[in-house]
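Report on one structure; see the data block that follows.
The values are calculated or read from the model by the stated rules, or taken from the named source; none is laboratory data. The model shown is predicted, which means the values in this text are computed figures rather than measured ones. Every residue, glycine among them, receives a Cβ derived from its backbone with ideal geometry; neighbour counts consider all protein chains shown. Heads up: the accessible areas ignore ligands, DNA and RNA and are worked out on the full protein's heavy atoms, side chains in. Shrake-Rupley method; radii C 1.70, N 1.55, O 1.52, S 1.80 Å.
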Amino acid sequence: MIEAEWWDYDSVDELAEAVGGDVGFIIDSALDARAAALVALPVDGLSQQVFPTLAAAKLKWKQAAIVPADDFIVGVEDERSKARALAKAFLPVGARVVPIVTAIPDHKAAGNAADARLQELPWPPDLVWLSVGVDGNAAGIASGADLQDALDAPKARRAVGVMPESGEPRVTLTRASILAARTVLITVQGKEAREVLEGAIADGQSSKLPIGRVLAEAEQPIDIHWVA
């Protein structure tokens, strides 16, 4: 049974303040406990509205490392690069932003390179933040030929390359990596996306959606932040 707690907000600004505060607290707690923090963040329209609030937090940012939860297989100079977006938001405050993509044509090889890069970081992550939309994906874990590779990867495997049915190839954290996190947090926007997520949670392991399959294996409680 997935243990999920929903938090509802009247505006994006209200959600941004709450989520920015929660993520900042997670980072600060990790810094107090271990003098280091590692978080995996999404990059989309909603999450990027939270970034300014989070970046304004008075934290020892130089001891924090940030990675994208998934990324397109493009160079960091590309506008689509999620590592680029994270760098724009958090390098100015001193955080370490670690790109996980090597821009090589073969998505499987790119996944191997991403995994090797993540193996160099302290594990597990203190936070994996997922942003869930109407497609029901979890990070870059999406329907397609590589879905099972991402879901069934061994615990030691931190990232894989995937080719979604729709969209372009990318690298993503595996299900095991997501669920290894000390905290998993989800943001979701819109009534339709909420209904999709609620259905996926209810279906659990039998869900046809990646997020349902991922969360069905979760042992930690999940906080879900929603705004219409």
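Some observations on this one:
- Any hit, segment 166-173, residues being more than 16 Å from VAL101 (Cβ to Cβ), open to solvent by 10 Å² or more (accessible area, probe 1.4 Å) and part of a loop (DSSP other than H, G, I, E, B): yes
- From the options ILE73, ILE27, ILE2, residue that is in contact with a helix residue (DSSP H, G or I) (Cβ under 8 Å, 6 or more places away or on another chain) and over 30 Å from ILE104 (Cα atoms): ILE2
- The set of residues in segment 9-21 that are of a type outside the set (A, V, I, L, M, F, W, C) and either touching a His at 6+ places or on another chain (Cβ under 8 Å) or over 14 Å from LEU185 (Cα atoms) (or both) comprises TYR9, ASP10, SER11, ASP13, GLU14, GLU17.
- Looking across segment 30-60 at every residue that is more than 22 Å from VAL227 (Cβ to Cβ) and of a type in the set (A, V, I, L, M), the one that is surrounded by the most Cβ atoms within 10 Å (Cβ to Cβ) is identified as ALA37.
- Filter pass, GLY136 being on the phi > 0 side of the Ramachandran plot and assigned to a loop (DSSP other than H, G, I, E, B): yes
- For segment 186-223, a tally of residues being assigned to a helix (DSSP H, G or I), polar (S, T, N, Q) and modelled with pLDDT of 95 or more returns 1.
- Residues of segment 61-70 classified as in contact with a helix residue (DSSP H, G or I) (Cβ under 6 Å, 6 or more places away or on another chain), of a type outside the set (A, V, I, L, M, F, W, C) and open to solvent by less than 20 Å² (accessible area, probe 1.4 Å), total: 1
- Residue count, segment 1-59 (criterion: under 30 Å from SER206 (Cα atoms) and within 15 Å of the chain's Cα centre (by Cα)): 10
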